[in-house]
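One structure is given below, represented as structure tokens, and several questions about it will come after.
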Amino acid sequence: MKKIAELKEIIAGGEFDEKLAQIYLDKDMIPYNRERYVKALDKFTELFGDQEVAIYSAPGRSEVCGNHTDHQNGHVLATSINLDAIAIVAPREDGVIELVSDDMPKEVINVNDIEQDPALEGTTTALIKGVVAGIRDYGFKVGGFTAFVTSDVLMGAGMSSSAAFESLIGTILSGLYNDMKVSSVDVAKIGQYAENVYFGKPCGLMDQMACAVGGLIYIDFFDKANPVIKQVPVDFEAHQYSLCIVDTKGSHADLTDDYAAIPAEMKQVANYFGEELLSRVSEEDFISKVGEMRASGKVNDRAVLRALHFYTEQDRVAEGVAALENQEFDHFLDVIKRSGDSSFKLLQNIYSAKDPLTQNVSIALGFSEKFIGEDGVCRVHGGGFAGTIQAFVKNAAVAEYKKNIESIFGEGACHVLKVRPYGGIKVVE
């Protein structure tokens, strides 16, 4: 570990620029991240004094393909992005975790007092305790530390700020007390455990897996307890493409029923076959019974269409992975476009049927296709109905696309990102 003054000199003087370029893949972001790291070191000093510290990082994520398939234990293609949570960390011997995250109140937790407490559900305290408990239950060592955490992972934009935080805490404990021997997959599973059991949110594993493992990854959730995970080789920089996330400024208020209806209706189809999830019903059996299901009155038409999306989206995930493995990038982009079209037409998660006159996501998709033309593709991002869209855009066309789409949704609405090759990491010892 290094003293803060020494680290500041190294980072501010540019000696760390190559490492920043490797992590964030955007030379234009080097001054921003250089300043961000230095400010974080200053904040740690202000809060906890000058100590020997290490720096850790865990990224946000983006779903690339597999829209609304994970809750049916299906297939997903997801990636880490070059926005992250970083932590300035010093170990301590008294078993206490003392952590400040940006402008939030200080968290003080003893690693010997980490029992699950329903009164703490929905709090940062619960997430930290859950990760500590998970690390311990997996047979690894836990201990105290002092940390200042700062994050530029956008909240409410489908980038999984909570999963990034969980992955960060797991990676810190792996580095400080376990020689970085807690695998990234275990860090992800522990993060999900913390969020499910301690935080009280029944999330899937996709978010944590993308944040902890890093890079572009394929996940098969058929066996939820032991998902199949494969990193997919791709160099978006070599193809000169960037990932743009556009905030459509739509409100998520009153959309709970819309989100809940998607898994409920998919399960309605699965239940017709005596199964709980669509991944347990073959596509052939589903297609052979469509007429019978509709005639029975037990399954509505939208449920049938959403099930059809699930099956075709499963195939698209596999097709997209194969395209990238075969270096067929144009084919991959075509898969992403078809995924977006299916979400619009079959899954129907682009606008709420309760308010058909408000269509932020539809506007974003329609005008993105107009603005991008042959220079990229776009699709809904995450849960849908409001929030964000995703666009893969040629680097040469990004500036013009950003200007045009922000003329509709406002300055700063378009976030230009890169596909980060790393998950949770120790940045510097």
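The values are calculated or read from the model by the stated rules, or taken from the named source; none is laboratory data. Owing to the predicted nature of the structure, the values given are computational and were not obtained by experimental measurement. Neighbour counts run over all protein chains shown; Cβ positions are idealised from the backbone, glycine included. Please note that ligands, DNA and RNA were not included when accessible areas were found on the heavy atoms of the full protein model with its side chains. Shrake-Rupley method; radii C 1.70, N 1.55, O 1.52, S 1.80 Å.
Among the residues that make up segment 247-260, is at least one of them at negative phi and in contact with a strand residue (DSSP E or B) (Cβ under 6 Å, 6 or more places away or on another chain)?
Within segment 247-260 (the criterion being at negative phi and in contact with a strand residue (DSSP E or B) (Cβ under 6 Å, 6 or more places away or on another chain)), the answer is yes, since at least one residue qualifies.
Of everything in segment 281-305 that's among the hydrophobic types (A, V, I, L, M, F, W, C) and part of a helix (DSSP H, G or I), which residue is surrounded by the most Cβ atoms within 10 Å (Cβ to Cβ)?
Here the residue is ALA303.
Just to verify a result, which residue in segment 60-77, among those that are open to solvent by 10 Å² or more (accessible area, probe 1.4 Å), not polar (S, T, N, Q) and not in a strand (DSSP E or B), is farthest from ALA21 (Cα to Cα)?
Residue satisfying both the conditions and the ranking: HIS71.
Here is a follow-up. Checking the structure you have, find out if any residue of segment 221-235 is touching a helix residue (DSSP H, G or I) at 6+ places or on another chain (Cβ under 6 Å), without any contact (Cβ under 8 Å) to a residue 40 or more places away in the chain, open to solvent by less than 70 Å² (accessible area, probe 1.4 Å) and aliphatic (A, V, I, L, M).
Scanning segment 221-235 turns up no residue that is touching a helix residue (DSSP H, G or I) at 6+ places or on another chain (Cβ under 6 Å), without any contact (Cβ under 8 Å) to a residue 40 or more places away in the chain, open to solvent by less than 70 Å² (accessible area, probe 1.4 Å) and aliphatic (A, V, I, L, M).
Regarding ALA210, is this residue open to solvent by 20 Å² or more (accessible area, probe 1.4 Å) and out of contact with any helix residue (DSSP H, G or I) (no Cβ under 6 Å at 6 or more places or on another chain)?
So ALA210 fails the test.
In the list SER57, SER80, which residue meets the criterion of being closer than 30 Å to PHE329 by Cβ, assigned to a strand (DSSP E or B) and at pLDDT below 95?
Answer to the selection: SER80.
For VAL269, all conditions in the list (1) part of a loop (DSSP other than H, G, I, E, B); (2) at pLDDT 95 or above; (3) among the aliphatic types (A, V, I, L, M) hold save one; what is the number of the exception?
Among (1) part of a loop (DSSP other than H, G, I, E, B); (2) at pLDDT 95 or above; (3) among the aliphatic types (A, V, I, L, M), VAL269 violates only (1).
Which condition from (1) surrounded by fewer than 24 Cβ atoms within 10 Å (Cβ to Cβ); (2) farther than 30 Å from ILE169 by Cα is the one that GLY383 breaks?
With (1) surrounded by fewer than 24 Cβ atoms within 10 Å (Cβ to Cβ); (2) farther than 30 Å from ILE169 by Cα applied to GLY383, the lone miss is (2).
Oh, and also: So in segment 326-353, with the set limited to residues that are within 29 Å of PRO233 (Cβ to Cβ), over 22 Å from the mean Cα position of the chain (by Cα) and among the charged types (D, E, K, R), which one is surrounded by the fewest Cβ atoms within 10 Å (Cβ to Cβ)?
Top of the filtered list is ASP330.
Oh, and also: Among (1) charged (D, E, K, R); (2) assigned to a loop (DSSP other than H, G, I, E, B); (3) touching a helix residue (DSSP H, G or I) at 6+ places or on another chain (Cβ under 7 Å), which single condition is ASP254 missing?
Result: ASP254 passes all but (3).
The rows are residues; the columns are (1) farther than 20 Å from PHE310 by Cβ; (2) acidic (Asp, Glu).
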site	(1), (2)
ALA322	no, no
PHE332	yes, no
VAL335	no, no
ARG338	no, no
SER352	yes, no
ALA364	yes, no
ASP375	yes, yes
ILE389	yes, no
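Counting only residues that are open to solvent by less than 50 Å² (accessible area, probe 1.4 Å) and in contact with a Lys or Arg (Cβ under 9 Å, 6 or more places away or on another chain), which one in segment 247-262 is farthest from HIS71 (Cα to Cα)?
Step by step, filter segment 247-262, then rank; the result is LEU255.
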